[in-house]
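K.L.:
Before I ask anything, let me first share the structure, which is written out below as structure tokens.
The values are calculated or read from the model by the stated rules, or taken from the named source; none is laboratory data. Only a predicted model underlies this, so the values are computations on that prediction, with no experimental measurement involved. Cβ sites come from the backbone with ideal geometry, for glycine too, and all protein chains shown count toward neighbours.
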């Protein structure tokens, strides 16, 4: 149980392109979804937290106009990297939780490797 | 400042051997401590979650311990297998909003 599917697993695109990443909870309803970014050999860095039906809460230093998050249903959240540039290249990971807040179990997707040329 | 420090940064052991990974934290107020396993290029997978009152928790060949007084945790892996090669991340939940504080991880390599 508690399967989270993230798509696509890898994206390579040109600078200036906008890229959408999907995160789906397959067998449970995700009240809260989290988006993380991970640089090589570093741990996960929380970018934003989203609750279904409301605006995402972004961590300090994360540009909300750059990283658009939509959590329109209890099973789907999307992260759109707008006008991506090479410095946006990273490993993006989502997680989903059946409850609200950080104190609930988080189930992670397998990540999206984004490479901007 | 809330921090989670893990040691060693990396570890290489032979298949079949045991090993112990360390996690020290300075987090207050403490809610729970989690150990995750992350294979290269994959998302983290939860191994254990321990609250303040729990001293030890096992998940197969993985056993986590928690000493809330000294603010230390360890993850012991018994009879290591090649598939145990991964990064092991210690995460502490803290504060009134239970924010997760992530350690940098220990990269474990199991050699045949």
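K.L.:
May I ask you to verify whether residue B:37 is assigned to a strand (DSSP E or B), modelled with pLDDT of 95 or more, in contact with a strand residue (DSSP E or B) (Cβ under 7 Å, 6 or more places away or on another chain) and under 24 Å from residue A:32 (Cα atoms)? Walk me through it before giving the result.
P.N.:
On the way: assigned to a strand (DSSP E or B): yes; modelled with pLDDT of 95 or more: yes; in contact with a strand residue (DSSP E or B) (Cβ under 7 Å, 6 or more places away or on another chain): yes; under 24 Å from residue A:32 (Cα atoms): yes.
Considered against the rule, which asks whether it is assigned to a strand (DSSP E or B), modelled with pLDDT of 95 or more, in contact with a strand residue (DSSP E or B) (Cβ under 7 Å, 6 or more places away or on another chain) and under 24 Å from residue A:32 (Cα atoms), residue B:37 comes out as yes.
K.L.:
Still on this structure: Buried (at least 16 other Cβ atoms within 10 Å of the Cβ) and away from chain B (no Cβ under 14 Å), is that true of residue A:50? Show your work before the answer.
P.N.:
Details: buried (at least 16 other Cβ atoms within 10 Å of the Cβ): yes; away from chain B (no Cβ under 14 Å): yes.
Here the answer is yes, as residue A:50 does meet what is asked.
K.L.:
Would you call residue A:69 closer than 30 Å to residue A:14 by Cβ and more than 10 Å from chain B (Cβ to nearest Cβ)? Reasoning before the result, please.
P.N.:
Values: closer than 30 Å to residue A:14 by Cβ: yes; more than 10 Å from chain B (Cβ to nearest Cβ): yes.
The answer is yes for residue A:69.
K.L.:
Run residue B:80 past the list (1) in a strand (DSSP E or B); (2) surrounded by 14 or more Cβ atoms within 10 Å (Cβ to Cβ) and report the number of the one that doesn't hold.
P.N.:
For residue B:80, the failing item is (1).
K.L.:
Tally the residues that are under 19 Å from residue B:56 (Cα atoms) and within 13 Å of chain A (Cβ to nearest Cβ), restricting the search to the range B:10-26. Steps first, please.
P.N.:
Start the filter on the range B:10-26 by keeping residues that are under 19 Å from residue B:56 (Cα atoms), which leaves B:18-25.
Next, from what is left, pick out any that are within 13 Å of chain A (Cβ to nearest Cβ): B:23.
Matching residues across the range B:10-26 total 1.
K.L.:
Hey, another quick one. Tell me, which residue of the range B:41-64 that is within 14 Å of chain A (Cβ to nearest Cβ), part of a loop (DSSP other than H, G, I, E, B) and in contact (Cβ under 8 Å) with a residue 12 or more places away in the chain is nearest to residue A:38 (Cα to Cα)?
P.N.:
B:44
K.L.:
Just name the residue that is farthest from residue B:32 (Cα to Cα) out of those in the range B:99-111 that are over 13 Å from the mean Cα position of the chain (by Cα) and more than 9 Å from chain A (Cβ to nearest Cβ).
P.N.:
Let us first name the residues in the range B:99-111 that are over 13 Å from the mean Cα position of the chain (by Cα), namely B:99-100, B:109-111.
This time we only want the ones that are more than 9 Å from chain A (Cβ to nearest Cβ), so: B:109-111.
Working: B:109: 27, B:110: 29, B:111: 32 Å.
Once the filter is applied, the top-ranked residue is B:111.
K.L.:
Does the range A:24-57 hold any residues that are under 12 Å from the mean Cα position of the chain (by Cα) and more than 14 Å from residue A:114 (Cβ to Cβ), and which are they? First the steps, then the outcome.
P.N.:
Taking the range A:24-57 as the starting set, the residues that turn out to be under 12 Å from the mean Cα position of the chain (by Cα) are A:24, A:32-38, A:44-50, A:56.
The answer is A:24, A:32, A:33, A:34, A:44, A:45, A:46, A:48, A:49, A:50, A:56.
K.L.:
Find the residue count for the range A:94-117, including only residues that are within 8 Å of another protein chain (Cβ to nearest Cβ) and either at pLDDT below 90 or out of contact with any strand residue (DSSP E or B) (no Cβ under 7 Å at 6 or more places or on another chain) (or both).
P.N.:
5
K.L.:
Which count do you get for residues in the range A:17-47 that are closer than 21 Å to residue A:89 by Cβ and within 13 Å of another protein chain (Cβ to nearest Cβ)? Working first, answer last.
P.N.:
Step one: list which residues in the range A:17-47 are closer than 21 Å to residue A:89 by Cβ, which gives A:17-23, A:34-47.
From what's left, within 13 Å of another protein chain (Cβ to nearest Cβ): A:21, A:23, A:34-47.
Total meeting the criteria: 16.
K.L.:
Among the residues of the range B:25-48, write down those that are under 16 Å from residue B:94 (Cα atoms) and either buried (at least 17 other Cβ atoms within 10 Å of the Cβ) or touching a helix residue (DSSP H, G or I) at 6+ places or on another chain (Cβ under 9 Å) (or both).
P.N.:
Residues of the range B:25-48 under 16 Å from residue B:94 (Cα atoms): B:25-35.
Matches in the range B:25-48: B:25, B:27, B:30, B:31, B:32, B:33, B:34, B:35.
K.L.:
To continue, here is another question. Which of the residues belonging to the range B:8-24 are under 11 Å from residue B:103 (Cα atoms) and surrounded by 12 or more Cβ atoms within 10 Å (Cβ to Cβ)? I'd like the intermediate steps shown before the answer.
P.N.:
Here is the first cut: in the range B:8-24, the ones under 11 Å from residue B:103 (Cα atoms) are B:9, B:22-24.
Passing the criteria: B:22, B:23, B:24.
K.L.:
Confirm whether residue B:32 is in contact (Cβ under 8 Å) with a residue 40 or more places away in the chain, more than 21 Å from residue A:105 (Cα to Cα) and not in a loop (DSSP other than H, G, I, E, B).
P.N.:
Considered against the rule, which asks whether it is in contact (Cβ under 8 Å) with a residue 40 or more places away in the chain, more than 21 Å from residue A:105 (Cα to Cα) and not in a loop (DSSP other than H, G, I, E, B), residue B:32 comes out as no.
K.L.:
Additional query: Taking the conditions exactly as written (more than 14 Å from the chain's Cα centre (by Cα) and touching a residue at least 60 places away in the same chain (Cβ under 8 Å)), does residue A:104 satisfy them or not? Can you show your working first?
P.N.:
Working: more than 14 Å from the chain's Cα centre (by Cα): yes; touching a residue at least 60 places away in the same chain (Cβ under 8 Å): yes.
So residue A:104 fits the description; yes.
K.L.:
Restricted to the range B:80-98, and to residues that are at the interface with chain A (Cβ under 8 Å from one of its Cβ atoms) and touching a residue at least 60 places away in the same chain (Cβ under 8 Å), which residue is nearest to residue B:39 (Cα to Cα)?
P.N.:
Initially, the range B:80-98 is screened for residues at the interface with chain A (Cβ under 8 Å from one of its Cβ atoms), giving B:89, B:93, B:97-98.
Still in the running and touching a residue at least 60 places away in the same chain (Cβ under 8 Å): B:89, B:93, B:98.
Working: B:89: 11, B:93: 22, B:98: 26 Å.
That would be B:89.
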